[in-house]
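Colleague: Have a look at this one before I ask anything.
Readers should treat all values here as calculations from the given coordinates under stated rules, not as data from a laboratory. On a predicted model such as this, the values are computed, not experimentally measured, just so you know. Positions of Cβ are backbone-derived with ideal geometry, glycine not excepted, and every protein chain shown enters the neighbour counts.
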Amino acid sequence: MERFLSDHRPETAVEQIRFELASELLGDLQRLDEQLKAAHKRIREAVRASGTLLTESFGVGPIIAATLIGFTGDVNRFANRDHYASYNGTVPVEFSSAGRVVHRLSRRGNRTLTMLSTWLR
């Protein structure tokens, strides 16, 4: 895009306005891209500083790890994995009807953690 704008010379007033708007938009996109890169770097550094082993799991990058850490806090506050499953809403709940037993996910818990936890299985 930069190359196109540098090669293009507007000839009319309308083309000049379009050129200026395109230049402003390009500047905004470059600024937002730099901010996004800086945010990703800060997240990677924070996850690394936390000492978590989450990122060693297949499919878990710094963003998902930061989300899990942010919502869960210190995982040691849960007595065992069943308590954590109850907290995040992935514990199966039994429903029965006419002798048929069905297990479904609980409607309780943090829906964001539920989505991430079921996806990580």
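Colleague: Could you tell me which helices of the chain pass both thresholds, a Cα extent of 24 Å or more along their own axis and a mean Kyte-Doolittle hydropathy of at least -0.5, with helices taken as whole DSSP H runs? Don't skip to the answer; put the middle values down first.
Modeller: On the way: long enough: 13-50 (56 Å, -0.44).
Helices meeting the criterion: 13-50.
Colleague: Now, a different point. How much space per residue, in cubic angstrom, does the convex hull of the C-alpha atoms of the range 1-51 take up?
Modeller: Working: hull volume 2.5 nm³, N = 51.
Here the figure is 49 Å³ per residue.
Colleague: Using only DSSP helix segments of four residues or longer, with each worth -39500 (n - 2.57), what per-residue ellipticity at 222 nm results for the chain after dividing by its residue count and rounding to 500?
Modeller: Here the helix-only value at 222 nm equals -19500 deg cm²/dmol.
Colleague: Now for a different question. From zero outward in steps of 10 Å, how is the percent of C-alpha pairs of the chain spread across the bins?
Modeller: 11, 26, 19, 14, 14, 11, 5, 1
Colleague: Let me ask something additional. Note down the Stokes-Einstein diffusion coefficient of the range 28-89 in µm²/s, whole number, using a Kirkwood radius over alpha carbon pairs, 37 °C, and 0.692 mPa s.
Modeller: 248 µm²/s
Colleague: Report the calculated FRET efficiency for LEU25 and GLU45 (r = Cβ-Cβ distance, R0 = 22 Å), to the nearest 0.05.
Modeller: Using R0 = 22 Å, I get an efficiency of 0.10.
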